[in-house]
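The structure under discussion appears below in the form of structure tokens.
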Amino acid sequence: MINYNEAKKILIKSKIKIKDELINPSKSVNRINVLDIYCTVNYPAGTNAAFDGFAINSKDTNKLNKNNSQNFKVLKTISAGDNPKLSRVKKYEAIEVMTGALIPKSFDTIIPIEKIIFNSDNKYININNRIKKNQHIRYVGSDYKKKDLIIKKGTIIQPSHILAFKTLGITKIKVKKKPNILFFSTGNEISNNKNIVSWKVRNSNSHYIKALSKNFLFNYIDGGILRDKDENLFKKKIEKSIKSKIDIIITSGAVSAGKHDFVPSVIKKFNLSNFFKGVSIRPGKPILFAKLKGLDKVIFGLPGNPISSSACFRFFVYPYLLNILGIKSEKPFKAKLKNNYSKSKKVIRFLKAILTSTNDGKIEIQVLKGQESFRIKSFVQSNVWGLFKDGRSKFKKGELIDCYSSIGPNINIFK
């Protein structure tokens, strides 16, 4: 049995190739961009008004005060979307502008509408003080300039990025294709029926992994249920997958050392370049990984208990996906331990926990009761996984613990 760090090293050197594709940015959420994306335009595209008001030339107000006011002739009104072109502008002239309207070059500052003094017919405004330059104006390229970096390659694209792409006129982006994952549940006890007898188990692991595919980084393909005597069928399924577009095969169950745990023996019949079976972790100790030699295909064998399967996906499959898609390694965030905890010194524990914040802004992690791999209540109550390292058995209240989000990658939150 190897330790977790050794397992991760094997995963890293077992990288498979995932092809690229060009897509419309509006369809790119949760995809991974292959190249740095740069801005091709200035944004804002033109200097425009940040407020409704009146644009003037600030130099025309240099000598103005309460004892020396000046009427400014209002030439026209310019709204957002209007052509701002004007003929020659004279001294002491102004234009009314709406928010977003482009500002002609003759003007360099805006007086908000609330501060305007009108004459009786509204054809003139009166100014009785000096007005500073550049007030309430958004200048061309003040947010993005041409050749500015929008996002780096290897970024998980979020809705905020799509807003930027559409605003800046990005029409196509190159992303990694989604890996195709073929998933098998195993065991005579697994059932897809709504009503089951007490010696059956509802098929939940497949639905959990399928749900992850909705906002994670892969396409889910349901391979169905392999029964206890389906050893030969499983071998044929792998052989068929080798010739298909399947990138990763995942099984749940039949991976330990029992009479019906056929997954390891079937996989060992294939020519493998990298392999491990059993990692000193809890939950999920029996986990299996194999890379088919000379092929861009890998297999994960996850334990069958729901929490073991979930933990192994989170800490083995998910980091593997990040690696093959070109995303930087995920880093944990730290939180103070709220309650003492003890474990075996030899294993890493992935623990269901609740992350909370104190009144003074500190974040804390509380290990939940019910850590057994069959217990789903504590999984429902949790919002993070706490990683309790090996080499130690006791963890005291107040210590900093490595935390991983249970609903998505830390990468999207912590840079």
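A few points about this structure:
- Meets criteria (surrounded by 12 or more Cβ atoms within 10 Å (Cβ to Cβ), at positive phi and of a type in the set (Phe, Trp, Tyr)) for Tyr43: no
- Those residues of region 141-175 which are under 30 Å from Ile16 (Cβ atoms) and in a strand (DSSP E or B), in sequence order: Leu149, Ile150, Ile151, Ile156, Ile173, Lys174, Val175
- From the list Phe72, Phe51, the lone residue that is of a type in the set (Phe, Trp, Tyr) and either open to solvent by 60 Å² or more (accessible area, probe 1.4 Å) or part of a helix (DSSP H, G or I) (or both) is Phe51.
- Qualifying positions in region 392-410 - over 18 Å from Ala211 (Cα atoms) and either without any contact (Cβ under 8 Å) to a residue 24 or more places away in the chain or open to solvent by less than 50 Å² (accessible area, probe 1.4 Å) (or both): Ser393, Phe395, Gly398, Glu399, Ile401, Asp402, Cys403, Tyr404, Asn410
- Some residue of region 321-330 being polar (S, T, N, Q), more than 17 Å from Phe218 (Cα to Cα) and under 20 Å from the mean Cα position of the chain (by Cα): yes
- Check on Lys269, out of contact with any helix residue (DSSP H, G or I) (no Cβ under 9 Å at 6 or more places or on another chain), open to solvent by 60 Å² or more (accessible area, probe 1.4 Å), modelled with pLDDT of 95 or more and closer than 22 Å to Val298 by Cα: no
- Residues of region 312-347 classified as part of a helix (DSSP H, G or I) and either open to solvent by 10 Å² or more (accessible area, probe 1.4 Å) or among the basic types (Lys, Arg) (or both), total: 3
- Residue within region 21-35 that is among the small types (Gly, Ala, Ser), under 15 Å from Ile103 (Cβ atoms) and not in a loop (DSSP other than H, G, I, E, B) present: no
- If you go through region 135-189 and keep only what is surrounded by 17 or more Cβ atoms within 10 Å (Cβ to Cβ), within 14 Å of Leu35 (Cα to Cα) and touching a Gly at 6+ places or on another chain (Cβ under 8 Å), you end up with Gly154, Lys176.
- Across region 287-297, the number of residues qualifying as in a loop (DSSP other than H, G, I, E, B) and either of a type in the set (S, T, N, Q) or out of contact with any helix residue (DSSP H, G or I) (no Cβ under 8 Å at 6 or more places or on another chain) (or both) comes to 3.
- Only one of the numbered conditions (1) touching a strand residue (DSSP E or B) at 6+ places or on another chain (Cβ under 9 Å); (2) in a loop (DSSP other than H, G, I, E, B); (3) without any contact (Cβ under 8 Å) to a residue 24 or more places away in the chain; (4) of a type outside the set (Val, Ile, Thr) is not met by Lys178, and that is (3).
- Residues (more than 18 Å from Gly46 (Cβ to Cβ) and either open to solvent by less than 50 Å² (accessible area, probe 1.4 Å) or without any contact (Cβ under 8 Å) to a residue 24 or more places away in the chain (or both)) located in region 83-107: Ser87, Arg88, Lys90, Glu93, Ala94
- Checklist (1) assigned to a loop (DSSP other than H, G, I, E, B); (2) over 45 Å from the mean Cα position of the chain (by Cα) applied to Asn126, failing item: (1)
- Members of region 75-100 that are farther than 19 Å from Asn119 by Cα and assigned to a strand (DSSP E or B): Ile78
- The residues of region 207-257 that are touching a strand residue (DSSP E or B) at 6+ places or on another chain (Cβ under 7 Å), in contact (Cβ under 8 Å) with a residue 12 or more places away in the chain, part of a helix (DSSP H, G or I) and over 19 Å from Val298 (Cβ atoms) amount to a single one, Lys210.
- The set of residues in region 194-227 that are of a type outside the set (A, V, I, L, M), open to solvent by 50 Å² or more (accessible area, probe 1.4 Å), under 21 Å from Lys177 (Cβ atoms) and at pLDDT 90 or above comprises Lys210, Asn219, Asp222.
- Any hit, region 348-370, residues being within 21 Å of Val279 (Cβ to Cβ), open to solvent by 30 Å² or more (accessible area, probe 1.4 Å) and assigned to a loop (DSSP other than H, G, I, E, B): no
The values are calculated or read from the model by the stated rules, or taken from the named source; none is laboratory data. As the structure is a prediction and not an experimental result, all values here were calculated from the model. Reconstructed Cβ throughout: ideal geometry from the backbone, glycine too, with neighbour counts over all protein chains shown. Ligands, DNA and RNA are stripped out before the accessible areas are found, and what is left, the full protein with its side chains, is counted by its heavy atoms. Shrake-Rupley method; radii C 1.70, N 1.55, O 1.52, S 1.80 Å.
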